[in-house]
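Just so it is clear, none of the values below were taken in a lab; they were calculated from the coordinates. The structure presented is a predicted model; accordingly, all values stated were derived computationally and were not measured. Here the Cβ is made from the backbone with ideal geometry for all residues, glycine too, and neighbour counts use every protein chain on show.
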Amino acid sequence: MLDAIATDKARSFVDRLANVRLPDVFNPYSDSCPYYDLPRAPSIRRRNLELVLAAALSAEEIELWIAQDLGRLGGRRTGLALTDEMRFPDLEAHWGISGIARATSGEAVGEPTAGYVWKALNSRSKKVFLWNVFPFQPHPEGRPLRNRGHTREEASITRWTLDWVLSELVPTRVVAIGRFAEGRLNDRGVTHTMVRHPGRGGGPTFLKQILV
């Protein structure tokens, strides 16, 4: 059973996330995709993140793995960093929770990066909370189903989100997935380990580095 205080903290954080509005950015906690989302998609994704975050806040000891931003096949659909719809059973087992739900119609969609991340997580016993420097899905103007890297201005506007996660979770280990996340953690003076991002052919190297 999740701690009531942790649940309240998680809900407050997610509510604040849902209030962020930025141009050419899909906020999965308030925005709906006209192509594949269910009618209550934003509230489903908010609930998904609340459940996982409350479990992380209730854990005695966790690691924090940080990547760049949400992807169109993963977090845009699920509301969960580095997690696609194919990994929901793994996610629930990892945190000992239930109630994670799909916010989209049609067949479940997988994301290569999420596949590698969860392959690594399923080989570890420690609890790991997954997050991104930028907590939304940035996209090119007029092309909402494409990914782009977020800008420094966008990172500045949402800086509070990573600061909150770091201060509230107090992780025993922080892992930067990719050079971009490494740079943002260096900016904050956060001690961390850097591993190769699984994307663009980096999956085998990522697994080798993260499972050391």
Equivalent ellipsoid semi-axes, the chain, via Cα gyration tensor eigenvalues times 5, rooted, Å: 22, 20, 18
³J(HN,Hα), Karplus 6.51/-1.76/1.60, whole Hz, each residue of the range 111-116, x for Gly, Pro: 10, x, 4, 4, x, 5
Computed helical MRE - 222 nm, the chain, DSSP H runs ≥ 4 contributing -39500 (n - 2.57), nearest 500: -12500 deg cm²/dmol
Kirkwood Rh and Cα Rg combined as Rg over Rh, evaluated for the range 76-183: 0.96
Angstrom value of the Kirkwood radius, inverse mean 1/r, which spans all Cα pairs in the range 12-79: 13.0 Å
Within straight-line cross-link reach of residue 119, lysines at Cα separation under 23 Å, skipping those fewer than 8 residues along the same chain: 127, 208
Around residue 21: net Lys/Arg minus Asp/Glu count, Cβ-Cβ under 15 Å: -4
Spacing of the two label points (7 Å from each Cα toward its C-beta) at residue 8 and residue 148, in nm: 4.1 nm
Sequence ranges 160-168, 69-77, ranked by mean other-Cβ count within 10 angstrom, highest first: 69-77, 160-168
